[in-house]
Amino acid sequence: MTIRTILAAVDQFPASGDVLARASEIAAAHGALLRIVHVVDMEPGQGDPDDPETLTGQAALAAKSRIEDALEKLAHSSSPTEIMTIAGSPALALIDFCRAEPPDLIVMRAHQRRLVSEVILGSTSDRVIASAVAPVLIVRRSVERKYQRVLIATDGREGDASALALVASLLPRAALRAVRVVQIPAQLREAMLRSGTNRAELNAHRANLVQRAWVDLTTLAQGAPRRVRISIFQGDAGALLTRAAAIPTLDLIAIGPGREGLIRRAFIGSVARRLLREAACDVLVCHLPDQESAPS
């Protein structure tokens, strides 16, 4: 996979400084265009961001000045760079922009939900991820080193190989470990016990799931573009991956979008939501175009 364009979605500084630093680092490593986008969130009728005679235009100029100041502080900002300001609702404007000019990766920070509407619909970062316009890298940790160790959470879907290929291409020098979390869901476990399944049979079923996971992961690793270690975890995926994210030597967790429910693209999965809310390290959500019609 060729990385041509990295989009850094920035809002406030210094909060977006690490987003800019990480996006700049990845763009420079690939010789890719670094496109920095700031959404001016103003009331309708306040003018055009390209017109300095309007309030929106003045806000855009101020944002551009802050971005230029932040870029000057980056020692590795050697890739071609564009700074763009657009107006509108942050999530919707950014999604529309990416649909018109699709990047290979969106880099942004995690946004905390403050309003009732955000609790219902999701924060800006939640909504951009759910829109599935491109892979999204959520920067949660200060940038102190390049990504060295990456955990790729797989779930047995067809998109696992594509997600692994994306991470391998995006971070060619990082050590990769693919993991699968095996769990018998609580409701299924209860139903099996109520239907007469004894604990020995339940344990045998769990062991079979583990064995199948090993086979799947081994096949996945053998088909990977470079060396990948594999591991099996047993338990609750959200809890285990969140705990793994707290390991100081782990720099990034890569996951699929895991969309759930009947409303296509409306939400992201529960594991992804938990990691975006609680993970101590950065999180890469690996939506790829060929996953467009993946089942929930």
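The values are calculated or read from the model by the stated rules, or taken from the named source; none is laboratory data. Quantities reported herein were computed from a predicted structural model and do not represent experimental measurements. So basically every Cβ, Gly included, is an ideal-geometry build from the backbone, and we count neighbours across all protein chains shown. The area values use the complete protein model at the heavy-atom level, side chains included, leaving out ligands, DNA and RNA. Shrake-Rupley method; radii C 1.70, N 1.55, O 1.52, S 1.80 Å.
Selection within the stretch 215-225: residues that are open to solvent by less than 70 Å² (accessible area, probe 1.4 Å) and of a type outside the set (G, A, S). The member of this set that is nearest to P172 (Cα to Cα) is L220. Sub-6 Å Cβ pairs linking a first residue in the stretch 187-209 that is in contact (Cβ under 8 Å) with a residue 40 or more places away in the chain and under 19 Å from F233 (Cα atoms) to a second residue that is basic (K, R) and not in a helix (DSSP H, G or I), at least 6 apart or interchain, number zero.
Of everything listed in (1) at pLDDT 95 or above; (2) assigned to a helix (DSSP H, G or I), the single unmet condition for A28 is (1). On inspection, Q58 fails the criterion of being within 24 Å of S123 (Cβ to Cβ), out of contact with any Asp or Glu (no Cβ under 6 Å at 6 or more places or on another chain) and open to solvent by 40 Å² or more (accessible area, probe 1.4 Å).
Within the stretch 241-256, the presence of at least one residue that is assigned to a strand (DSSP E or B), closer than 21 Å to P172 by Cα, modelled with pLDDT of 90 or more and in contact with a Phe, Trp or Tyr (Cβ under 9 Å, 6 or more places away or on another chain) is confirmed.
In the condition set (1) among the aliphatic types (A, V, I, L, M); (2) in a helix (DSSP H, G or I); (3) surrounded by fewer than 16 Cβ atoms within 10 Å (Cβ to Cβ), A15 is compliant with all but (2). Consider the stretch 69-85 and keep the residues that are part of a loop (DSSP other than H, G, I, E, B) and at pLDDT below 90. The one that is surrounded by the fewest Cβ atoms within 10 Å (Cβ to Cβ) is A75.
Per the listing R199, R194, R189, the residue uniquely of a type in the set (K, R), surrounded by 13 or more Cβ atoms within 10 Å (Cβ to Cβ) and farther than 22 Å from G256 by Cβ is R189.
Does the stretch 103-126 contain any residue that is farther than 24 Å from E144 by Cβ, modelled with pLDDT under 90, in contact with a Pro (Cβ under 7 Å, 6 or more places away or on another chain) and assigned to a helix (DSSP H, G or I)? Within the stretch 103-126, one or more residues are farther than 24 Å from E144 by Cβ, modelled with pLDDT under 90, in contact with a Pro (Cβ under 7 Å, 6 or more places away or on another chain) and assigned to a helix (DSSP H, G or I).
Scanning the stretch 153-182 for residues that are of a type in the set (S, T, N, Q) and buried (at least 17 other Cβ atoms within 10 Å of the Cβ) yields a count of 2. Among the numbered conditions (1) among the β-branched types (V, I, T); (2) closer than 24 Å to E278 by Cβ; (3) free of Cβ contacts under 8 Å to residues at least 40 places away in the same chain, the only one that V179 does not meet is (3).
Return yes or no: is R212 part of a strand (DSSP E or B) and open to solvent by 60 Å² or more (accessible area, probe 1.4 Å)? Answer is no for this residue.
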